[in-house]
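Structure, as structure tokens:
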Amino acid sequence: MNWNFYRKVSSSLARYAALLWALAGIFLATQFSLPVFASDPKDPAAVPEKPGEPGAPRTSILKSSVLDTKEGLTLRLTADLGSVNITQIEPGSPPVVRYTVHVETDARGAAATQLLNNYSLKAGTSATGVEIAGALFPQPAHHANAQFWVQFEVAVPRNYNVEVNTDAGDITTGDIGGTALLKTQGGNIIAGRIGRAGFREISRGRPLARLETEGGHIKVMDVLGDLTAFTAGGHINAGNISGDASLRSGGGHIRARQIGGRADLETVGGNITVGQTASFVSVHTGGGQIDFGEVRGSVRAQTGGGGIHVMYVSGPMEVESNGGSICVTSASGAVQAATSGGSITAWINPNAPAGKGPLRLEAPSQLASGTGDIVVYLPRDLAVNIDALVSNGTEHHIEADSALHLIMQGPTSGVGPVHAMAVLNGGGAALKLRTTGGKIRLQFIDAQLALRESLLCEQADRLNKRFMEAGLAPVSFPPSMGPTPCDTNRQPEKTQPERTKNSTDWLEDWLIDLERRFRGGITEDPDEFLKRITYHPYPTYPSLAQRAGIHGFVVLQAKITKDGRVEVLKALEGEPALVDAAIDAVKRWRGKPEWAKGKPVEVISTLKFDFQLR
């Protein structure tokens, strides 16, 4: 199959002329369009509870009190209905528990008064702390349709323990200096910082924080100890957990910024995102995506269908996907990776030994894919025995750097098992690569430094985007994980210098800046665009299309993003089967954006592929 990239002859003068015509059109439209005047902002009109009928008024009562207590004791609040908000009393205040309970009903007149007076609220002190209990009495039959709303506002001392159990309602807390047991049958739980320095030892034997809801979301900022969280279907978002974490959801996403101890994370179908961990991590999702940043320990991860992406893991790892792709940009320990249909890309780079000698795998490793490709990058001084097998392929299904000196065995003609072996630097633990119908490619790490940098940046951006969406702070990764090309302070590479300015090209720079502002990037000739590409796997000719005799050109409009990814904007020409194959390949490309005024600028161009039958 011959591959020819499309040569597009475009005149920059014509391009800029078109841009100026567009600007002129915008200018004329603004000059001769009807004016639109801004009005003063107004509050939205109240919407009646029953449209077309008078609004339903509510009757309410307010109950409040202040109870003396001591630091380090416990608030126990139970309610069959009501949302709860826990705050801390003012610094320097004597230790008290101050509470207010607001009860409302939509019943009217004397009936409302009777129902509200029947609301039971009990509060008292004991040797262990303060107890507050609220309950609705059973309503008479003629008031069965009346609705109630209850809100608890409680302020506690700074080092108080808090236990809240409500059958219906949200639980919100500020910082809690002691332990926290928060449980609701259906509302959300939002908590600030839980625990204080040195408090984990006091609560040893039980988690410092236990948060449970039968359907709502859970968010906690920091926990200075162990955390157990469960929701029957909502999301779990956690900031920094200094101890162990057990997080389980019936179907929502799980995001944890930092975990200092062991982590057990499980969701029936959502995504799992972890920024940094310092110990063993076990995660399982029924079908979502799994993303790890830095794991200073071992990993066991399984997903029913999503992809798995790991930036760095120092210990052994076992990852499995039922069809998604697996990408590991740095693995220091043994690797066991398997997917039924996705691709596997891994940089295997063990830590340097204490004395002299080559790098060595701690234990045998195996990467296996049903139909996907396997790409492995190795250090040149790794002592390893390579054993690669493609069950159904040709000699072209295994590619390797010539310095690896692979010994190939396979069919002389047609399709069949293809086996390749190599002994590097005297040999060591086995590295087995297995795929049924995909390709296997072996390269040295220093051959694709730009690709690894781009993937590290892409993964860091994806992790931090998810954390910030959840209201958590972004994660900073240590320099030991490698360069971070997405850093906005990074200077462009010398091979892609920023355009220099002089008195003769000021118009060119001005027009480029206009184009960038109006189009979000600059357009470029395809030949120049290709010079920016640093990694470009070719498309695979779909076997079904070959058997059907489908061939021809595919033309795509694509752009290099600011972080070096290549995105397909649209297909301009080609058969659908061939277009899909070309897009799948281009999505894995990496390149270098333009640089202007010290910042990266997206570049847009066209690519042409020629699918020819042999």
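The values are calculated or read from the model by the stated rules, or taken from the named source; none is laboratory data. A quick note: this is a predicted structure, and the numbers were derived from the prediction, not measured. Counting neighbours? That spans all protein chains shown, and the Cβs are built from the backbone with ideal geometry, glycine included. These accessible areas exclude ligands, DNA and RNA; they are computed on the full protein's heavy atoms, side chains included. Shrake-Rupley method; radii C 1.70, N 1.55, O 1.52, S 1.80 Å.
Leaving out ligands, DNA and RNA, what percent of the accessible area of segment 554-614 is carbon and sulfur, probe 1.4 Å? Present the calculation step by step, with values, prior to reporting the outcome.
Values: 1210 of 2630 Å².
The value for segment 554-614 is 46 percent carbon and sulfur by accessible area.
Using a 1.4 Å probe on the protein chains only, how many percent of the accessible area of segment 355-487 belongs to carbon and sulfur?
53 percent
Please report, in whole Å, how far the alpha carbons of segment 232-315 spread along each principal axis, starting with the longest.
29, 22, 14
Modelling each spin label as a point 7 Å along the Cα-to-Cβ direction, I'd like the Asn85/Asp68 distance in nm, to one decimal.
Distance between the two pseudo-spin positions: 2.9 nm.
Read phi for every residue in segment 353-366 and hand back ³J(HN,Hα) as whole Hz from Karplus 6.51 cos²θ - 1.76 cosθ + 1.60, θ = phi - 60°, with x for Gly and Pro.
These are the phi-based 3J(HN,Hα) values: x, 5, x, 7, x, x, 6, 9, 6, 5, 7, x, 10, 8 Hz.
Calculate, in nm to one decimal, what Ala133 and Ala110 gain on full extension: separation in residues at 0.36 nm each, minus their alpha carbon distance.
Numbers: separation 23, 0.36 × 23 = 8.28 nm, distance 2.53 nm.
Additional length available on full extension: 5.7 nm.
Would you compute, for the Cα atoms of segment 161-309, the largest minus smallest coordinate along each principal axis and list the three values in descending order, in whole Å?
Computed over the Cα atoms, the extents are 40, 34, 22 Å.
State, to one decimal in nm², a quarter of the convex hull surface area for the C-alpha atoms of segment 96-197, i.e. the direction-averaged projected area. Write down the numbers at each step before the final one.
Details: hull surface 30.1 nm².
Averaged projected area of segment 96-197's Cα convex hull equals 7.5 nm².
Between Thr125 and Asn425, what length comes free when the chain is fully extended (0.36 nm per residue of separation minus the Cα-Cα distance, one decimal in nm)?
Working: separation 300, 0.36 × 300 = 108.00 nm, distance 7.35 nm.
Full extension of this stretch gives 100.7 nm more.
List residues of segment 559-602, by number, whose backbone nitrogen lies under 17 Å from a label position 7 Å along Cα→C-beta of Glu399.
Taking a point 7 Å out along Cα→Cβ of Glu399, the residues of segment 559-602 whose backbone N falls under 17 Å are 581-591.
For Gly286, list long-range residues whose amide hydrogen, built 1.01 Å from N in the peptide plane, is under 5 Å from its own amide hydrogen.
Long-range HN contacts for Gly286: Thr267, Val268, Gly269, Gly270, Gly304.
Pop a pseudo-label 7 angstrom from the Cα along the beta-carbon direction at both Asn392 and Thr561 and give the gap in nm to one decimal.
For the pair Asn392/Thr561, the computed spacing is 3.4 nm.
Please list, in order along segment 111-126, the HN-Hα scalar couplings obtained from phi with the Karplus expression 6.51 cos²θ - 1.76 cosθ + 1.60 (θ = phi - 60°), rounded to whole Hz, x for Gly and Pro.
Computed from phi, the couplings for segment 111-126 are 4, 4, 4, 5, 5, 5, 5, 7, 5, 9, 10, 10, 9, x, 10, 8 Hz.
Write down Rg/Rh for segment 398-479, rounded to two decimals, with Rg from the C-alpha atoms and Rh from the Kirkwood relation over Cα pairs. Please report the intermediate quantities before stating the final value.
On the way: Rg = 19.4 Å, Rh = 16.6 Å.
Ratio of gyration radius to Kirkwood radius for segment 398-479: 1.17.
Can you tell me the Rg and the Dmax, both Å, for the Cα atoms in segment 322-396?
13.5, 43
Which entries of Lys439/Lys570; Lys219/Lys465; Lys587/Lys608; Lys465/Lys587; Lys439/Lys531 show an alpha-carbon separation above 22 angstrom in the structure shown? Before the final figure, lay out each step's value.
On the way: Lys439/Lys570 28 Å; Lys219/Lys465 17 Å; Lys587/Lys608 15 Å; Lys465/Lys587 20 Å; Lys439/Lys531 26 Å.
Where the Cα-Cα span goes over 22 Å, the pairs concerned are Lys439/Lys570; Lys439/Lys531.
Can you give me the accessible area per residue for segment 316-393, using a 1.4 Å probe, in Å²? Don't jump to the answer; show the numbers that get you there.
Numbers: 2820 Å² over 78 residues.
For segment 316-393, the per-residue accessible area is 36 Å².
Label-point separation (nm) for Met468 and Ala548, each offset 7 Å from Cα along Cα-to-Cβ?
4.3 nm
Around Ala232, which amide H atoms from residues at least 5 apart in sequence, or from another chain, sit under 5 Å from its own amide H, with H modelled in the peptide plane?
Distant-sequence amide H within range of Ala232: Thr213, Glu214, Gly215, Gly216, Gly250.
Based on alpha-carbon positions alone, could you give the equivalent ellipsoid semi-axes of segment 376-417 from the gyration tensor, as √(5λ), descending, whole Å?
Details: eigenvalues 106, 19, 15 Å².
Sorted largest first and rounded, they come to 23, 10, 9 Å.
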